[in-house]
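Single-structure report; data block below.
The values are calculated or read from the model by the stated rules, or taken from the named source; none is laboratory data. The structure displayed is predicted, hence computed values, not measured ones. With ideal geometry, Cβ positions are generated from the backbone for all residues, glycine too; neighbour counts draw on all protein chains shown. Heads up: the accessible areas ignore ligands, DNA and RNA and are worked out on the full protein's heavy atoms, side chains in. Shrake-Rupley method; radii C 1.70, N 1.55, O 1.52, S 1.80 Å.
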Amino acid sequence: MNVGENCTRKYQTIMPSIEKNGEKMPDWLPVFNDEMADFWSGEMLWNTTLTSYTTFRVGGAAEALVFPRGVKELSQLIQGLRKINVPWHVIGRGSNIVVSDKGVKGVVIVFGHNFSSRQIVEESADLVQIKVEAGHSLSGLVNWSVEKGLSGLEFAVGIPGTIGGAIVMNAGAWGEEIRDVIVSVTMMDEKGNSITRKRDEIDFTYRSWGEADSMIAVEGVFELEKSDPARIKRRCQDFHESRKNMQPQNKPSGGSFFKNPPGGKSAGQLIDESGLKGLRAGGAEVSSVHANFIVNDGSATAADIIKLMHIIQQRVEEASGISLQPEVRFLGWE
Ligand SMILES: Cc1cc2nc3c(=O)[nH]c(=O)nc-3n(C[C@H](O)[C@H](O)[C@H](O)COP(=O)(O)OP(=O)(O)OC[C@H]3O[C@@H](n4cnc5c(N)ncnc54)[C@H](O)[C@@H]3O)c2cc1C
């Protein structure tokens, strides 16, 4: 859960229940209105369901939802929320999160097209460096690099989400990951200050960038290699085909649910060998195509997904002695 370290303190209850135009509003609205005027003038959506902001398509409402338009606005927002002790959480495309049915307290900051510039910052005979903001879509960057004949991101074909999410999750496939192509990341701390770290200063590990939960990825610089466009296209097509054959299509999910345990068998193999393909909890189901995908049949709640997760963990541990750890992140589960 991405709650700034110093903003986890519960905000005071100002009023038991506040409504505006018939909508339930968070109890911190008055203090927000009073205090934030100096910090921030952007727009906020109140009491908004997050279902359509996640690929699992489950979850309750965020007390407030905001789409920052640039680093300055983001910094002002963070400083203001910190001052009034309202927690915040950051999401991109929501392709790796399970949002609680009870919703999310505080402000959910969504990185999207308002925060998605892309700019070539260096070019040599062989290499190109591109600076990309956190809200840029990963697939958009892959498509752009294919068009330009730049190699390095082919592995990411078919991985949904934003650049920010890909950096934070150190997204990867086919033995390659974001760490391999990143030069530096600019991040914002819980005080609203930006710092840039080079790749070697970031502790990337399997599906994590190793930074504190309160840190926000603001932009990344990627280094790609000039290469034969036909070859790049072919690699992308091959990866795309493999994905189509191996992963469930057209059913909401969060991608691979569990991390692969170190060495030995993959999470999918362990779940499959435990005989769990097709197992259900309410509307959540272990995909019959890829056992490490929990899919939503359209009627699942977040609680169904969590229930199924626990059953899988228990059954795999009984069968193999291995404790599976989720790769997906959880939002709103206090
Ligand atoms: C069908 C499908 C296939 C997938 N295949 C793969 C795959 O092959 N490989 C792979 O690695 N992943 C895969 N995923 C998982 C997911 O797409 C990646 O993890 C992706 O990088 C997440 O990006 P996002 O913008 O959706 O992040 P979100 O899901 O919105 O967020 C993920 C986490 O990152 C945090 N976060 C997001 N943006 C920021 C930011 N700017 N600053 C700080 N924290 C942030 C969130 O708080 C959350 O903890 C797949 C998912 C789906 C649905």
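Give the distance, in whole Å, between the Cα centre of region 142-186 and the Cα centre of region 235-265. Value for the Cα centre distance between the two parts: 15 Å. Here the peptides 310-323, 150-163 are ranked by packing, the mean other Cβ count within 10 Å, and the order with the highest first is 150-163, 310-323. Top mean-square fluctuation among 129, 249, 79, Gaussian network model of the chain, C-alpha springs under 10 Å? With Cα springs under 10 Å in the chain, the top fluctuation among 129, 249, 79 is at 249. In this view, the solvent-accessible surface of residue 240, computed with a 1.4 Å probe and all protein chains in place, comes to about 90 Å². Dipole magnitude for the chain: about 520 debye, using +1 per Lys or Arg Cβ and -1 per Asp or Glu Cβ, origin at the Cα centre. Semi-axes of the equivalent ellipsoid for region 249-331, computed as √(5λ) from the eigenvalues of its C-alpha gyration tensor and ordered from largest down, come to 19, 12, 12 Å. Once backbone amide H atoms are built at 1.01 Å from N, residue 104 has 61, 62, 63 as its partners under 5 Å, excluding neighbours fewer than 5 places away on the same chain. For region 116-232, the percent of C-alpha pairs falling in each 10 Å distance bin, counted from 0 to the bin holding the largest distance, reads 14, 50, 30, 5, 0. For region 264-307, what percent of Cα pairs sit more than 11 Å apart? Above the 11 Å cut-off, region 264-307 has 60 percent of its Cα pairs. By a 1.4 Å probe calculation restricted to protein chains, residue 120 has an accessible surface near 80 Å², given to the nearest 10.
Might you report the magnitude of the Cβ-based charge dipole of region 249-331 about its Cα centre, with Lys and Arg at +1 and Asp and Glu at -1, to the nearest 20 debye? Approximately 120 debye in magnitude.
Applying D = kT/(6 pi eta Rh) to the chain, where Rh is the Kirkwood radius over alpha-carbon pairs, T corresponds to 4 °C and eta to 1.567 mPa s, the Stokes-Einstein value obtained is 62 µm²/s. Distance between the modelled labels on residue 226 and residue 52, one decimal in nanometres: 4.4 nm (7 Å Cα→Cβ projection).
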